[in-house]
1. Let me make sure I get this right: for region 46-143, a, b and c are the square roots of the gyration tensor eigenvalues over alpha carbons, sorted descending. Under 1.5 in a/c it's rounded, otherwise prolate if a/b > b/c, else oblate. Which is it?
2. Only sites in a loop by DSSP and with at most 11 other Cβ atoms within 10 Å count here; which trypsin sites (Lys or Arg not before Pro) in region 715-823 make the cut?
3. May I ask for the net charge around K150, where only other residues with Cβ less than 13 Å from the Cβ of K150 are counted and Lys, Arg are +1 while Asp, Glu are -1?
4. Ordering V408, V286 from largest to smallest accessible area (1.4 angstrom probe), what's the sequence?
5. If I model a spin label at S139 and R804 as a point 7 Å from the Cα along the Cα→Cβ vector, what separation in nanometres do I get?
6. Considering only protein heavy atoms, what per residue accessible area in square angstrom results for region 643-725 with a 1.4 angstrom probe?
7. Given region 782-841, report the % of alpha carbon pairs whose separation exceeds 18 Å.
8. So what J values fall out for region 728-735 if you push phi through Karplus, 6.51 cos²θ - 1.76 cosθ + 1.60 with θ = phi - 60°, rounded to Hz, Gly and Pro as x?
Amino acid sequence: MKERGAALNKTSAPLNKRSQVCDILQKGNRFDIVIEGLLVSLLAFMPLAFGVVHAWSEEVVIVLSGAIVICFLLKLVYNHDRSIIWTWAYVPIGLFLLIPLLQLIPLPVTLVKIISPNTAVLKTELLSNLFNSDKLLKSMPLSFYPNATKHDLRLVLAVAAVFIVVLNVFRRPEQIKRLLMSITLIGGTIALITLGQNLFGNGKIYWFIPTRHGGGNSGPFVNHSNYGQFMNLSIGAGFGLLLVTLHESFAGKKMTPAVISEYFSSGLAKPLWLLITVISLCVATVFFSLTRGGMVSMLIAITFTISVLAWRRSLKGIDWIIVVIALIAFICVLYISFDAVYDRLASLRDFHEGEGSRLQIFKDIAVAWTHFPILGTGLGTHSVVYPMFDRSTITALAAYAENEYAQVLEETGLLGLILLVIFAIIVWSNYIRDTRPVPIKREPKVDGSNLSILSAAYGLGLGILAILIHSLSDFGQHLPANAYLSAIFCALLLVLARQKEDKQILNTDYRAGDFKIPRSIFLIRLSILLAVCGIWIWAFIGANNACLAETNWEKALDIEKGLVNRNWQGTDAEYTDLISYASTAVSHEPENIEYQHGLNVYRWHSISQNTDLNIGEIVISKDLMSSVRDIVDEFHKVCTLCPTYGPTYSIVGRIEKFVLDDNSGAESIRKGFRLAPCDPTACFIAGYLDVLEGKTEDCIVKFQRAVELDSGMFKDVVNIYINHLSRPRLAIFAAGNDIMWLRHVAKILKDMQYTDLSEQVQLKIENLLKARCLQPNTPAQELVYQASIYRKRQDNEAALQCYRRALALDYGRVDWRLDLAKILVEMGKIAEAMREAQICLQIRPQSKAAKKIVADLSIHPAIFDKEKSLH
């Protein structure tokens, strides 16, 4: 009896422990379900919200990320026997997060001179002329724009936190497969939206949201390269899940053609066919988006993955599936946009031509890095630091570098780039372990089917390799929609490697050591929870303020557009609303340089709108001079928020030099142009200063740049060339071959009695129009202008042809159609003229001119005889 009791005790011991494990798993699963749901919601929201490019969507991302992290920490506190997975990847992540924290701390200037001497020199140079410069320069942060550094730090913290959560929560094969399936289906949904917008779209995102460069090719993403990265990651998730499904389906079976055919003809293969269809669609839409980097990186990553599969002898039996995916994708591309894809890929041969290429940008960033080599200029500061080093011919200011590695080097220095390289080495070493063949042992606790989850590593590696290659020519990882997926992929590769090393985790997700952690760990975890809650409250407040500020700023921009079209001539009510919205934006985000600068620009225009708008001739009444000085003082305060923001120096220098007659303004103007050569106002003001100083050749270059950046400045430049410099030929040169600009120059020259030059310009216009009208894609406006020239020469037949071509392009232009009717009357084609006039009345029933033509022609003998013959 004693022996039997002892045997029962031995049997019940493992049963009690198993019960304990089940209880803990049940407690943990409650939190795991919530975390998984929140994560999938986050992953679905981000691509649908344009990849997260607006402040409101960033706020949602911060909230959902915070909820995920807090749920995870609550799980650890509630179930304190649960251990945290350790990985060396935490070290580079933690150290990288310390860099922006260090960049935000105001350090004594003596220490800054040691850490980053050029930072101290440049800030001292830019801020030394301010009233309280001695106090300002006692200490300074390493970041040139702390507000941008805080913004990017919030997002990096959120991405790093989700990486840690995925690493510690998604530890069972079922969880990993559900996550991969979710990512694949989300990617497939976005691909369907992209396909719909390509086939049935109107050039707008979601068919109603217009974009600057047109939309539709990239689904809900504004930038097609960003879309390419997102879709390549989705393809990686789908391919990984496909391999897992195949290995599970054929575990222990010999993959003969008969076995494969039998399986794929059965109902069990429906999920597999769904995966194949989704992956094929995703591959096709990468080509539809016309992203060269996305296409090339996808092809390289697929080739690499297939090579690894072949090398590991894992390709047998699935090679035909890869062929099917490629065939379906190719058929889609061939049917929809093969010519466009071919032309886009063919343009790769011109990738390195010209100074404005991405290669030139990289060279300029390399120069910037040599000035701030160790800790960089500050996370998120590229757009306010890079312009002073920009030597490319690209006219637009890029908010991001076209190379992720170069931007990391610029903003966080060599230290930041090294830490990311170390993190990448850790991830890829885990990829190598994941894809190394493992002999399946005949053990009762470990089934070969469980090890099939390791096949997902091939797909995860495909996605990561694609974005690593694409990041050489894109900034897609700055979009949370892409950054989160990349972090999840890296975490899953580490999870798979850990599972491979400890097979027991595949079945239980817990180890015996998990139940030996002291209870005192509860206090430590509770403290961490409270600290993280505090960090996330800070992040949420910042994101919410940014959202409220952006909302008000967009309202101010809507008013600004109307005022700019009227040369800033507006009512008091308009300026009251404009300044009110801008002030509200500033109150929510007072450290935002764009909002602070814009608010003071609005204040300046509100008091200078009724003066002569020609620069250098602004006259302010004496009672407003105190307001002008207050605005100047505010501009000086703005400079402290971001010392390298050039437009502020240009505007304040303009006011000081041309209104307050302060010679120090000239230095501010030069400083503004040096810091922001891509800002049209900075270029124009610096060019006018050159005019006053007799530097004519220098001003030409600056004015040309200003017009390239903002065509609205062309008339002001022409005015300076003709009226100030008395060099009308410069105005003709500035107009180039733009017909509308040449017409403006011809009119000014005629008014200024430069008759010969005016006739020369007019002759140039006619020659240009003749050449363009021979082309099939001539704009309608140019056709009409050519028709007016033919009419002056009484060549009605040629004018008639031009009007008909123009109306074919723009059917609803009543004014053009009325002119056509008049020409037809002159040519004696009364019936055709009547038909054109009647069309005008159909389009615009209240048109008096059309009614008059119809009335006049209705009593014309030709019309009368025609009606008589009909009766």
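The values are calculated or read from the model by the stated rules, or taken from the named source; none is laboratory data. A quick note: this is a predicted structure, and the numbers were derived from the prediction, not measured. All Cβ positions, glycine included, derive from the backbone under ideal geometry; neighbour counts span all protein chains shown. Surface areas here come from the heavy atoms of the whole protein model, side chains and all, with no ligands, DNA or RNA. Shrake-Rupley method; radii C 1.70, N 1.55, O 1.52, S 1.80 Å.
1. Working: a/c = 3.12, a/b = 1.87, b/c = 1.67.
Verdict is prolate for region 46-143.
2. Details: sites: K715, R729, R743, K747, K750, K764, K770, R772, R791, K792, R793, R804, R805, R813, R817, K822; in loops: R793, R813.
Those satisfying the criteria are R793.
3. Values: positive: R154; negative: E58, D152, E589, E591.
Every neighbour counted, the sum reads -3.
4. On the way: V408 30, V286 0 Å².
Reading off the accessible areas and sorting them downward yields V408, V286.
5. Modelled inter-label distance: 8.0 nm.
6. 36 Å²
7. Working: 431 of 1770 pairs.
Here the tail beyond 18 Å accounts for 24 percent of pairs.
8. Once rounded to whole Hz, the list reads x, 5, 5, 5, 5, 4, 5, 6.
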